[in-house]
Amino acid sequence: MSSPIRDAAVASRELSGGRSSAGAFTFKMFHGPEGLADLRDSWDRLVTGLPNPGFMQFYSWHDGYMRALEAEPRSVRFLVASSADAPVGIFALKSSWRRVAGVPVRTLEIPTHPHSLLCDFVLSPDAQGAALLAALVEHLHALHDVPWEVLVMPGLLETSSAWSALCASPNSRIVSDEVRRCHYVLCRDFEDRLGTKARAQLRKKRERLAGLGTLSLEVAERPDDVARATADFIAVEGSGWKTSAGSAIRCDPRLVEFYQSVAAGFAARGAAQITLLRLDGRCIAGQYGLRGGRSLYLLKIGYDEEYATMSPGQVLRDWSLRENAARGAIDEVNFGTPTAERWHPESYAVFEAMAFRRSLRGHVAYVAVRAKRALRPAYRRWADRWARLRRGTGSQRESGASTE
């Protein structure tokens, strides 16, 4: 799938956002968990109007994050943009700091976490995204009690509202980089992409598992079922090496609360899907999914390592893809990260973008970033040349040693 950044080779642009554009919107700021709670009705109405919202745009996702993962909840602000007294945009921003190209700067960042890899703003399709984003920056620039030099937007999927708004801003002072890929498969053709050999291998693994007992697939979507299935998923996800390494969800009570809270919030609106593979009733694999529009995002998968040689995770993924394709409610299954190569997936680009404030420190950071980007090709050429030289020197030494 094509992306504006790939087509136009967007690298660095200046976000000017004239005052006339800023004047078309009004902004109101809300702080921390209490401010988020005050926004719930407006947030839900705005997301309902989106044609294909991502899971990271839902109120329940941010509510779960604020409840469990944010160490400094009061550092998070929610800015609501309105036009003609109707909300048209919601921007979650956290005050922080980081070094940008070696320059220490104060930042406003979309809240993120290792368990929250994709981010976005909530922008009404009726609002002009580029003008709204420009108005946001103008509003932030005028706030004297909110210190910042760089607006950081990590984890932007190329189909996200924020990224589309950035790409539509021709006069933007933005530095953006593709940071990774995000794989997805379309339900209508995933089996064709799988290939004959891979289909036969998965069928054989499924038959091997079925030979051990009664194999069944459970798809939990109703609130009560989701609560129980989430507990089973967390248990199986932490049944092996992840617990020993301390990286399993159940090793951190905050992560347990986060995944349970988010699952409950999404299930209440029919947008959670926890899928379990059971053998004689015992959960041997599970995946944690959230729906946004006609897309299903699989955020986590885990399996019982006792059955690792039979690939229960792959069997579960294949079975759930078939189930969703047959039901017809999902068009696309997004894996969130580079994964699922067996299905020859397509991929989206994921970007990090930074908008620089028109201030002394913001300008210094912007110039430093531009200089670093300009020098990057020369550095890579130098590094390659140095590596070849070292390899050549090493070969000469080995040759001399063998001669002796």
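The values are calculated or read from the model by the stated rules, or taken from the named source; none is laboratory data. Here the structure is a predicted model, which means the values were calculated and not measured. Heads up, the Cβs are rebuilt from the backbone with ideal geometry, glycines too, and the neighbour counts pull from every protein chain shown.
Details
- So residue 162, is it in contact with a helix residue (DSSP H, G or I) (Cβ under 6 Å, 6 or more places away or on another chain) and within 24 Å of residue 112 (Cβ to Cβ): no
- Residue check, residue 89 touching a Gly at 6+ places or on another chain (Cβ under 9 Å), modelled with pLDDT of 95 or more and of a type outside the set (Phe, Trp, Tyr): yes
- Filtered residue count, region 238-249, keeping only those that are in a helix (DSSP H, G or I), surrounded by 16 or more Cβ atoms within 10 Å (Cβ to Cβ) and either at pLDDT 95 or above or of a type in the set (A, V, I, L, M) (or both): 1
- Scanning region 170-218 for residues that are small (Gly, Ala, Ser), modelled with pLDDT under 90 and surrounded by 16 or more Cβ atoms within 10 Å (Cβ to Cβ) turns up 172, 198.
- Among the residues of region 312-358, the ones that are more than 21 Å from the chain's Cα centre (by Cα), surrounded by fewer than 21 Cβ atoms within 10 Å (Cβ to Cβ) and farther than 19 Å from residue 221 by Cβ come to 4 in all.
- Among residues of region 203-229, those that are closer than 24 Å to residue 310 by Cβ and assigned to a helix (DSSP H, G or I), counted: 9
- The single condition from (1) more than 20 Å from the chain's Cα centre (by Cα); (2) part of a strand (DSSP E or B); (3) without any contact (Cβ under 8 Å) to a residue 60 or more places away in the chain that residue 88 fails is (3).
Matching residues to (1) hydrophobic (A, V, I, L, M, F, W, C); (2) over 24 Å from residue 50 (Cβ atoms); (3) in a helix (DSSP H, G or I):
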site	(1), (2), (3)
127	yes, no, no
164	no, no, yes
197	no, yes, yes
200	yes, yes, yes
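- Test: residue in region 255-263 that is among the charged types (D, E, K, R) and farther than 18 Å from residue 218 by Cα: yes
- Some residue of region 23-35 being within 23 Å of the chain's Cα centre (by Cα), over 22 Å from residue 130 (Cβ atoms) and at pLDDT 50 or above: yes
- Residue count for region 25-50 under the criterion of being under 19 Å from residue 119 (Cβ atoms) and part of a loop (DSSP other than H, G, I, E, B): the result is 2.
- For residue 365, the conditions (1) assigned by TED's automatic domain parsing to the domain that holds residue 139; (2) in a helix (DSSP H, G or I); (3) farther than 28 Å from residue 113 by Cβ are fulfilled apart from (3).
- Test for residue 137: is it of a type in the set (Val, Ile, Thr), surrounded by 19 or more Cβ atoms within 10 Å (Cβ to Cβ) and more than 20 Å from the chain's Cα centre (by Cα): yes
- For residue 352, the criteria (1) among the charged types (D, E, K, R); (2) part of a strand (DSSP E or B); (3) in contact with a helix residue (DSSP H, G or I) (Cβ under 8 Å, 6 or more places away or on another chain) hold in every case but one, which is (3).
- Hits in region 187-216 - residues which are of a type in the set (Gly, Ala, Ser) and within 33 Å of the chain's Cα centre (by Cα): 195, 198, 200, 216
- When 291, 254, 269 are checked against the criterion of being in a helix (DSSP H, G or I) and assigned by TED's automatic domain parsing to the domain that holds residue 313, a single residue qualifies: 254.
- Output for region 264-285, where each listed residue is under 25 Å from residue 206 (Cβ atoms) and more than 20 Å from the chain's Cα centre (by Cα): 275, 276, 277, 278, 279, 280, 281, 282, 283, 284, 285
- Among the candidates 162, 127, residue that is out of contact with any Asp or Glu (no Cβ under 8 Å at 6 or more places or on another chain) and among the hydrophobic types (A, V, I, L, M, F, W, C): 127
- Subset of region 54-85 (residues that are without any contact (Cβ under 8 Å) to a residue 12 or more places away in the chain and of a type in the set (A, V, I, L, M)): 71, 84
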